[in-house]
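Laboratory data are not the source of any read-out in this text; all were calculated from the coordinates shown. Owing to the predicted nature of the structure, the values given are computational and were not obtained by experimental measurement. Quick reminder, even Gly has a Cβ in these numbers, built from the backbone with ideal geometry, and neighbours come from all protein chains shown.
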Amino acid sequence: MMEDIQRFANVRLGPGTLYGAITRLEQRGWIRPVDSCDRRRPYRITGAGREYLQTELTSLDHVVKTAIRRLKHA
């Protein structure tokens, strides 16, 4: 997960940052662990997590569209 985040966001997270975020997501019921045969611990987004993410993405989409409109007139 850390490598994936580094590739798409060009940010290197420390283990404490990543594990803290995972813990918060799990506590809020937005992700849940999935059984695994190795030491990795995969997670799956929950229905509540999907709803929250959709709400956030809609909000971000509004911000981006507003910024693009304003840049055209700048």
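Please determine, by comparing only the residues of segment 24-68 that are surrounded by 10 or more Cβ atoms within 10 Å (Cβ to Cβ) and among the basic types (Lys, Arg), which one is farthest from residue 2 (Cα to Cα). Selected residue: 65. The number of residues in segment 16-64 being free of Cβ contacts under 8 Å to residues at least 12 places away in the same chain and in a helix (DSSP H, G or I) comes to 22. Of everything in segment 44-68 that is under 12 Å from the mean Cα position of the chain (by Cα) and not basic (Lys, Arg), the residue that is farthest from residue 30 (Cα to Cα) is 57.
Of the residues making up segment 10-23, not one is surrounded by 10 or more Cβ atoms within 10 Å (Cβ to Cβ) and at positive phi.
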